Amino acid sequence: MKVVLLGPPGAGKGTQAQRLQETHGLTHLSTGDMLRAEVASGSKIGKEAKSIMERGELVPDAVLISMIAHRITQPDAAKGFLLDGFPRTVAQAEALDRMLSERTQKLDRVIQLVVDNDAMVDRISGRYSCAKCGAGYHDTFRKPKKPDVCDACGSHEFVRRADDKPETVRTRLEAYDRQTAPLLPYYKGRGVLSEVDGMAPIDQVTTRLGKILDAA
């Protein structure tokens, strides 16, 4: 089974992808992770991507597609894959479809995690972590058991990501919406698009995703 999971930053794609990997045997393919792995390995694709990124440029679609094409031939992707973070534009979606078609394959399902942007700003901007061990916390949803003391290591030092500021988060969400909005009619027209309430409790989202894949 070949699946694309759509959703803005912070929507929980990574968490759900990990769960679907365990329950449905789908290999989680994050383009960001794949790029870092290719660069670290020193492969031809990695060297090309590194050179492009060092110039401050975006990695071209052709390079990303080549990377994905190579990755899905690996043994661990034999049962299928779940793409996270790609495609983000109709041009990328068309390129992905062409690449799969050349291999007599196609996407079985594209699932959008639908979220409320205002709630997402609160969810993301409230995140922080222990500066020493990296344990994650949240101003509202997951506070340390003792104020200002990390549950895991006892450190008193915490940090927040610069791009988790409310105004930055809102800009990122609005940019995502503008960029990916055309993908929805594209995939709806192909009869593969499903939507799931990404604001529901994590377990409910997992259950709904599982039902969609089981019915695909």
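In the calculated pair distance distribution of the stretch 1-57, what percentage of Cα-Cα distances lie above 15 Å? Could you put the intermediate results ahead of the total?
Values: 944 of 1596 pairs.
Considering the stretch 1-57, 59 percent of its Cα-Cα pairs are separated by more than 15 Å.
I'd like the distance between the alpha-carbon centres of the stretch 166-216 and the stretch 75-129, rounded to an integer number of Å.
Answer, in whole Å: 9.
Could you calculate the contour length gain from Arg161 to Ser129, that is, 0.36 nm times the residue separation minus the distance between their Cα atoms, to one decimal place in nm?
Numbers: separation 32, 0.36 × 32 = 11.52 nm, distance 0.88 nm.
That pair, Arg161 and Ser129, stretches by 10.6 nm at full extension.
Compute log10 of I(q)/I(0) for the stretch 77-166 with the Debye formula, placing one identical point scatterer on every Cα and leaving out solvent, at q = 0.23 Å⁻¹, to two decimals.
At q = 0.23 Å⁻¹ the computed log10 ratios are -1.08.
Take the Cβ-Cβ distance between Glu102 and Ala37 as r, set R0 to 22 Å, and report the resulting FRET efficiency rounded to the nearest 0.05. Write down the numbers at each step before the final one.
Values: r = 24 Å, r/R0 = 1.07.
After rounding, the FRET efficiency stands at 0.40.
By how many degrees, between 0 and 90 and to the nearest 10, does the Cα long axis of helix 90-102 differ from the longest principal axis of the chain?
50 degrees
Comparing Ala11, Ala62, Ala162, which has the greatest mean-square fluctuation in the GNM of the chain with Cα pairs linked when under 10 Å apart?
Sorting by GNM fluctuation, first place goes to Ala162.
So how long is each side of the stretch 1-120 along the principal axes, counting just the alpha-carbon atoms, biggest first, in Å?
Reported extents, whole Å, longest axis first: 37, 37, 26.
Which aspartates and glutamates does Lys165 reach when only Cα atoms under 14 Å apart count, and residues fewer than 8 places away in its own chain are ignored?
List returned: Asp118, Asp122, Asp139.
To the nearest 10 degrees, how steeply does helix 166-180 sit against the main Cα axis of the chain, on a 0 to 90 scale?
Helix 166-180 and the main axis of the chain meet at about 10 degrees.
Let me make sure I get this right: for the stretch 137-216, a, b and c are the square roots of the gyration tensor eigenvalues over alpha carbons, sorted descending. Under 1.5 in a/c it's rounded, otherwise prolate if a/b > b/c, else oblate. Which is it?
It comes out oblate by the Cα gyration axes.
Write out the GluC sites (Glu not before Pro) in the stretch 53-145 meeting two conditions: DSSP loop, and at most 12 other Cβ atoms within 10 Å of their Cβ. List each step's numbers first, then the result.
Details: sites: Glu54, Glu57, Glu94, Glu102; in loops: Glu57.
Those satisfying the criteria are Glu57.
Mind telling me which of Arg55, Arg172, Arg88 comes out most flexible in a GNM of the chain, alpha-carbon contacts under 10 Å?
The residue with the greatest mean-square fluctuation here is Arg55.
Which value in nm describes the separation of the simple spin-label points at Tyr137 and Met53, placed 7 Å from the Cα toward the beta carbon?
Simple spin-label model gives 3.1 nm for this pair.
Of Thr31, Thr104, Thr23, which is the most mobile in a GNM of the chain whose springs link Cα atoms less than 10 angstrom apart?
Thr104
Among Thr207, Thr73, which comes first, second and so on when ranked by fewest other beta-carbon atoms within 10 Å? Don't skip to the answer; put the middle values down first.
Values: Thr207 14, Thr73 9.
In increasing order of surrounding Cβ atoms, one gets Thr73, Thr207.
Values quoted throughout were computed directly from the atomic coordinates according to the rules given, and no laboratory measurement underlies them. What you see is a predicted model, and the numbers here were worked out from it, not measured in a lab. Glycine gets a Cβ as well: all are built from the backbone with ideal geometry, and neighbour counts include every protein chain shown.
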